[in-house]
Amino acid sequence: MAKKKYSKEMLIDLYRMMIRIRAFETRAAECFTKGMLAGNIHLCIGQEAVAAGACYALEKEDYMATTHRGHGHTIAKGGKLDKMLAELFGKKTGYCNGKGGSMHIADVEGLHHLGANGIVGAGIPIATGSALASKVLGDKHVTLCFFGDSASNQGTFHEAVNMAAAWKLPVVFLCENNKYGVSTNIHSVTNTETIAVRAKGYDIPGTTVDGNDPAIVYEAVKEAADYARAGNGPSIVECITYRHQGHYCGDPANYRPAEYMENAHKDDGIPNMRARLLDEKVATEEELVAVEEEVKAEMDAAYEFAVASEYPDPSEATTDVYSSDNERSVAR
Amino acid sequence: MAFEVKMPQLGLTMEEGTVTRWVKKEGEAVKAGDVIVEITTDKLTSEVESEFDGTMLKIVAQEGEDIPVKGLLAYIGEPGETVGSAEAVPAAAPVAETTPVVAAPMAPVAVTTSGRVRISPLARKTAAKMGIDYANVKGSGPAGRIVQKDILTAAQSAPVVASVATPAAVSTPTPAIASGSIDLMEGDEVVKLAGMRKVVAERMAQSRREIPSVTQNVKIDVTNLMKFRKQVNEDLGVKYSVNDFILKAVAKALKNNKHILVTLDGDKIIKRAHVNVGMAVALDEGLIVPVLKDIDKMSLEEISATAKDLAERARTNKLGMDEYKGSTFSISNLGMFGVETFDPIVNQPDSGILGVCAVQDELVMDDEGNISKRQFMRISFTFDHRLIDGATAAKFELAIKELLENPMKILL
Amino acid sequence: MSKVLSISKAIGEALHEEMARDENVIILGEDMGKMGNVFGITVGFQKEFGEHRVYDTPISESGFCGMAVGAAMRGIRPVVELMYDDFITVAADPIINQAAKMRYMTGGQATVPMVLRLPMGAGRRNAGQHSQCLENIFCHTPGLKVVAPSTAADAKGLLKSAVRDDDPVMFMEHKLLYAKKEELPEGEYTIPLGVADVKKEGTDLTIITWSRQVYFALEAAEELAKEGIHVEVLDLRTLVPLDWDAIVKSVSKTHNVIVLSEEVKRGSYAGEISAQIAEELFDELDAPVERVCGLNIVSPFSPTLEDENFPHPADIVKAVKKVLNK
């Protein structure tokens, strides 16, 4: 493990990010269960280390696209918990003014976040297109593309990775392999042991790492991002992780063997990192409690904000469909 | 909520009324009991009183419009209050020119007995706007659909507009008053056929169409009658008219000739029990026939008084609805105009009408060759030949002649 | 001053001018670079503007259309060509679920200023998968603008506007019009989206149409004029946003309407326009709105069969007479 290499500040930041994500997802689950949220939410509890580590490897100006299970990535890219939760509530103060909800949170201008996506695999060409834009514009931004193990079986994955490889586009394809697409185990529908091995088919770098340790994820993504930024093209970074919840909030996930969750708890990045930070005396109990209380306060405030916020006026239903000539184009 | 003023039902058989004059104008204050509008129904003008206090907010039915019973006439409410369906009512057009469509649930198509009229939406709108009754317009569109062009053609050849939404016009087709093809000439004035004139037109045409009528003219020597009348008036200090004696004589003749008092009703003949004589009264705007009921039971005095009263009230539009209904026979007297003979039209459901002509001086030569001046009057009896034979009619005429030539018999 | 160009060249000229004007305009599509497009629209572009602006894509319609969405969200203005509009089926997600919805789903943050050029239409004996007119799919999808020009001048002016528009624009080009040579103005000009054009004035009936059928409508109108029937031909040019004012104006004048298109009749955009007229202009109509479209069949291959599948001038003449009962 490479933790010694990293500063206390970075490690505390990674820990803070992970518990922020979990706090958010836990609160979102509570709100959902109480019937406060509309629609469905897909939680990333158990996958926090991937989000925290990967986004830590990005420059602020770098771009990102994510998936239906994207709350953690958004938070790690700098998303504010209050505006996110408000969006989950469908409030007008949310990131998308309540028009997108959980699966479409984006902040294009501010966070360079190109959005979550409700279609599995659809974000991959979009992220690749962002990388193409960087090539056309000649900027040095990298685009980080999150996708799940199941999305790697979509045609869009192969089409986009192929073009990114052919045109050496600055994109990092990050596969969060939690082993399940809804109820289907990846190995029952895929012949390869890993997803990263597919990189060979496109003659690009591919690596599979432990997705439960943010520092390890950071390291892999940093390497891939640097490689892309240098003009060498894309890489695939596969992070093995666990989806603690079912596919959606409320899914009992009884299609998984008992060992899955046993391992998930054993490998859970958050308690493990906390223990290590104490063991290796990177931080004191008081320091960590202070961080945890800080996060709880932030989450409580975000909750108050979301609850207190107003729903969009019904008249907003017909705005934002078009950027010009909207009224006429919506009218008929 | 504004109150709705609706067309009142002024008689059992009333189906619609014509708005003749708005007494209260929009914006005027109205108290319950105030007369707000005058309505002409059939042959009668009535004043409609407000049931509400408030302000005349909106006049929906314009003067000249025919509105069905319970149809909306106006709104009364608080000043500034908006009235719901007022916008749905087409703007008023000049009274004499068009009939605005009435916002009543009776599209002409729906009430046409022959079924739905195929007409394009545009043509329908155009017809409504121009006041064209399209029930009889021939369509040139696919499947005979009436298209706008057909309406425009109809409008050009028939500037005299017929009502498009009055049940009377639609339910009793009257070709005589339907839009014809009359070329207008300079200075012509086009007015709507409405109210009494419309009813008269319909009735006359219907009678002429349905009844195979025959008219017989009989010359009566009324020299004695004229003398007798003069003497009675002088002796009794009264002012019986010739018409009063004629009415009395006819009543008597009818009583003895009941087969004249018949009515054809489909495949049935109604034999009338009562001698109810209608008396045609000319008015400026048409004609009305108030009825002297059970005239055979009346004295000359009663007849004279009743006839005078009815005629007077007819001329001032003050007749009650039932006073011009129920005739079993009619008399039309044009004597005062010097008419020598004429051919009256049977006033349905009667089967006979007696035209009374002018009294004229004539020279008469007796068997000895003496020439003298006598006074003669002709009667023109028109009857429904379906029910009354020529000889039957002639006998009736003779009975009248007998009475009038021997006036004492009238009173006996 | 004017010049004569084929419609494909007019489209090429529009693209060339826009690429020269704005270096964020790029071209993506199969065979757009080295070959310069199967219809020769972009010949020489790659050499002139560089490989980083003119891309020969692999046969990955879903992939490169999705990439166009991502690039467009970053401020690039990709002009993408699907070799045939029929291929939208393999690129349906990036267009229908991504490009069209991105702005709305993000609460107005994202703009997707891309153009998807869609060669379409029957008449080339290309059978079931290369002959369709699928504008109904695009018109049905909120968030997309849809343009379908008929003339060289319109194609050029409208494509330039489409490139500059901040919304995804589906630009439908009829393949059988590419070779048609027409006059168009010299120099730079644009034609705004959403403005229809009366290609021929008339008083008796309005034919609302677009793309290749405009020419058939004009032919029919000429034929009918000999019989004293004066047909107005309204070329919509843009299907979304629809120039409703132009429709109201024309229908209010002629009171008889045919909506003419090459689409499969069932579920066509022609049907949609017809419904709107019936709903809102009912009182202007002297006859039911007539749709004259293709059949509800798969595009056939054999010429005798394919010719049955889209309206010809004679069909239009017949339909006009039917509506007018002549």
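For B:GLU26, what is the net charge nearby, where nearby means another residue's Cβ is under 13 Å from its Cβ and Lys, Arg count +1, Asp, Glu -1?
Charge balance near B:GLU26 sits at 0.
In the protein assembly as shown, with Lys and Arg counted as +1 and Asp and Glu as -1 at Cβ, which of these residues, B:SER304, B:ILE353, B:MET56, has the Cα nearest the positive end of the dipole, that is, farthest along it?
Result: B:ILE353, furthest along the dipole toward the positive end.
Would you work out if the protein assembly as shown is rounded, prolate or oblate? Take a ≥ b ≥ c from the square roots of the eigenvalues of the alpha-carbon gyration tensor; rounded if a/c is under 1.5, else prolate when a/b is larger than b/c, oblate otherwise.
Prolate, since a/c reaches 1.5 and a/b exceeds b/c.
Kirkwood Rh over Cα pairs of chain A into Stokes-Einstein at 4 °C, 1.567 mPa s: D in µm²/s?
Result for D is 64 µm²/s.
Where Lys and Arg each count +1 and Asp and Glu each count -1, what net charge lies around B:LEU122 among other residues with Cβ under 14 Å from its Cβ?
That sum, taken over residues with Cβ under 14 Å, equals +1.
Given the Cα-Cα distance of A:ALA331 and A:LYS168 and 0.36 nm per residue of separation, how much length would full extension add, in nm?
54.3 nm
Viscosity 0.890 mPa s, temperature 25 °C: what is the translational diffusion coefficient of region C:95-242 from Stokes-Einstein with a Kirkwood Rh over Cα pairs, rounded to a whole number of µm²/s?
Translational diffusion coefficient: 150 µm²/s.
Can you flag which of B:LYS230/B:LYS318; A:LYS60/A:LYS200; B:LYS31/B:LYS70 are past 27 Å Cα-Cα?
As for pairs spanning more than 27 Å Cα to Cα, those are B:LYS230/B:LYS318; A:LYS60/A:LYS200.
State the extension gain, in nm to one decimal, for the chain segment bounded by C:GLU186 and C:GLU219, taking 0.36 nm per residue of separation less the distance between their alpha-carbons.
9.2 nm
Give the shape of region B:211-411 as rounded, prolate or oblate, defined through the alpha-carbon gyration tensor: a ≥ b ≥ c are the square roots of its eigenvalues, a/c under 1.5 means rounded, and otherwise the shape is prolate if a/b is larger than b/c and oblate if not.
It is oblate, given that a/c is not under 1.5 and a/b is not larger than b/c.
Could you work out how far apart the two model spin labels at C:THR89 and B:LEU411 are, taking each label as a point 7 Å from the Cα in the direction of the beta carbon, and quote it in nm?
Between C:THR89 and B:LEU411, the simple spin-label model gives 11.2 nm.
By counting other Cβ atoms within 10 Å of each Cβ, how are B:MET321, C:MET102 ranked from fewest to most?
Starting with the residue having the fewest Cβ neighbours, the order is B:MET321, C:MET102.
FRET efficiency for B:LYS70 and B:ALA29, Cβ-Cβ distance as r, R0 = 25 Å, nearest 0.05?
That pair, B:LYS70 with B:ALA29, gives E of 0.45.
Taking a spot 7 Å from the Cα of C:ILE297 along the direction of its beta carbon, which residues of region C:111-133 have an amide N less than 20 Å from it?
Counting backbone N atoms under 20 Å from the label point, the list is C:121-133.
Taking 7 Å along the Cα-to-C-beta vector as the label spot, tell me the B:ASN217-B:ALA358 distance in nanometres, rounded to one decimal.
Calculated label separation equals 1.3 nm.
Which FRET efficiency value, to the nearest 0.05, is calculated for B:GLN156 and A:GLU30 with the Förster distance at 60 angstrom and r the Cβ-Cβ distance?
0.15
Computed FRET efficiency, Cβ-Cβ of B:ASP367 and B:LEU398, R0 22 Å: what is it to the nearest 0.05?
Result of the calculation: an efficiency of 0.55.
Quick one: angle between helix C:61-73 and the longest Cα principal axis of chain C, in degrees between 0 and 90, rounded to 10, please.
The helix C:61-73 is inclined about 80 degrees to chain C.
Using the Cα centre as the reference, give the magnitude of the dipole from point charges on the C-beta atoms of region C:1-131 (Lys, Arg: +1; Asp, Glu: -1; all else neutral), rounded to the nearest 20 debye.
Dipole magnitude for region C:1-131 comes out near 220 debye.
Label 7 Å along Cα→Cβ of B:GLU285; region B:45-78 residues with amide nitrogen under 20 Å?
Output list for this probe position: B:45-50, B:60-74.
As a footprinting exposure proxy, order C:TRP244, C:TRP210 by other Cβ within 10 Å, with the fewest listed first.
With the sparsest Cβ surroundings first, the list reads C:TRP244, C:TRP210.
Using +1 on the beta carbon of Lys and Arg, -1 on that of Asp and Glu, and nothing else charged, what's the dipole of the protein assembly as shown about the Cα centre, debye to 20?
That gives a dipole near 2000 debye.
Projected onto the charge dipole of region C:197-324 (+1 at Lys/Arg Cβ, -1 at Asp/Glu Cβ, origin at the Cα centre), which of C:LEU205, C:SER250, C:ALA220 gives the Cα projection farthest towards the positive end?
C:ALA220
Counting only the backbone N, which residues of region B:40-84 are under 20 Å from the spot 7 Å out from the Cα of B:ASP309 toward its beta-carbon?
Inside the label zone: B:44-45.
Run the quick spin-label model on C:GLU51 and A:GLU304: label points 7 Å from Cα toward the beta carbon, then report their separation in nm to one decimal.
Each label point lies 7 Å from its Cα, and together they span 5.9 nm.
May I ask you to sort A:CYS145, B:CYS357, A:CYS31 by Cβ crowding, counting other Cβ atoms within 10 Å and putting the fewest first?
A:CYS31, B:CYS357, A:CYS145
Hey, got the dipole for region B:3-88? About the Cα centre, +1 on K and R Cβ, -1 on D and E Cβ, debye to the nearest 20?
Charge dipole of region B:3-88: 80 debye, to the nearest 20.
With a ≥ b ≥ c the root eigenvalues of the C-alpha gyration tensor of region C:1-115, is it rounded (a/c under 1.5), prolate (a/b larger than b/c) or oblate?
Verdict is prolate for region C:1-115.
Return one number: the angle in degrees, 0 to 90 and rounded to the nearest 10, between the long axis of the Cα atoms of helix C:244-254 and the longest principal axis of the Cα atoms of chain C.
Approximately 20 degrees, to the nearest ten.
We did not get these values from a lab; they are worked out from the coordinates using the rules stated. Source: prediction; values computed, not measured. We place every Cβ from the backbone using ideal geometry, glycine too, and count neighbours over all the protein chains shown.
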